[in-house]
1. Being of a type in the set (A, V, I, L, M, F, W, C), closer than 25 Å to Trp127 by Cβ and within 15 Å of the chain's Cα centre (by Cα) is true for just one of Leu69, Leu39, Leu61. Which residue is that?
2. Given Val78, Val87, Val106, which one is assigned to a helix (DSSP H, G or I), surrounded by 15 or more Cβ atoms within 10 Å (Cβ to Cβ), touching a residue at least 60 places away in the same chain (Cβ under 8 Å) and aliphatic (A, V, I, L, M)?
3. Just to check your reading of the model, which residue among Leu45, Leu134 is more than 28 Å from Ile22 (Cα to Cα), surrounded by fewer than 18 Cβ atoms within 10 Å (Cβ to Cβ) and of a type outside the set (S, T, N, Q)?
4. Hey, does the stretch 137-144 have a residue that's within 22 Å of Leu19 (Cβ to Cβ) and either in contact with a Lys or Arg (Cβ under 7 Å, 6 or more places away or on another chain) or crowded, with 16+ Cβ neighbours inside 10 Å (or both)?
5. Hey, any hits in the stretch 13-29 for a residue that's under 20 Å from Met121 (Cα atoms), part of a helix (DSSP H, G or I) and among the small types (Gly, Ala, Ser)?
Amino acid sequence: MLGCPCLFVQTKIRALKTLKWIGAFVAGIVGGSIFMLLLHNVSGLIFPEAAMSKFPEDPELIIAFMDSLGVGPKLAVVFSHWGGAMVGSALSMLIAPTKNIWPGVVIGGWFLIGGIANAYMIPMPLWMMVLDFLGYIPVAYLAANWMQRIN
């Protein structure tokens with residue numbers, strides 16, 4: 001006797017659901033990161049002095065470079081980070097097999113961790129760091145909430 005065929009179907013459904021969860025988080029992280037980098041490149045076109053190609057590698061030159069930038073390029077960086085978190089959250093909500101908003105908020109948390117690591121590696125003004133950190137979770141929540149409503 002091979003057993004109940006419905007047990008096989010249930011196992012297959014669970015496996016597909018697990019793959020959807022994995023896909024939701026991978027798509028949110030990868031898609032959000034790509035979008036964030038695209039926004040960084042666009043901001044480099046708007047503010048040529050802040051283009052990523054001009055970013056120095058020497059730690060002391062990085063400090064001088066960041067100090068030389070105006071408020072506009074710094075805000076563009078913050079909005080790029082938030083845009084990545086927002087798109088990542090929306091993508092995860094599209095794929096996740098749930099109607100709850102927590103997958104999108106988790107992606108926002110992932111981007112917050114990345115923002116903290118970024119602030120540790122690249123010195124930035126305190127106001128910029130605080131503004132950056134305070135935005136990840138709210139924009140991810142808003143995107144997740146919006147996706148929840150349209151799904």
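Since every read-out is calculated from the coordinates, none of them should be taken as a lab result. Predicted model only: the values in this text are computed from it and were never measured. Here the Cβ is made from the backbone with ideal geometry for all residues, glycine too, and neighbour counts use every protein chain on show.
1. Just a single option satisfies the conditions, and that option is Leu39.
2. Testing whether each residue is assigned to a helix (DSSP H, G or I), surrounded by 15 or more Cβ atoms within 10 Å (Cβ to Cβ), touching a residue at least 60 places away in the same chain (Cβ under 8 Å) and aliphatic (A, V, I, L, M) leaves just Val106.
3. Answer to the selection: Leu45.
4. Scanning the stretch 137-144, I find at least one residue that is within 22 Å of Leu19 (Cβ to Cβ) and either in contact with a Lys or Arg (Cβ under 7 Å, 6 or more places away or on another chain) or crowded, with 16+ Cβ neighbours inside 10 Å (or both), so the answer is yes.
5. Within the stretch 13-29 (the criterion being under 20 Å from Met121 (Cα atoms), part of a helix (DSSP H, G or I) and among the small types (Gly, Ala, Ser)), the answer is no, since none of the residues qualifies.
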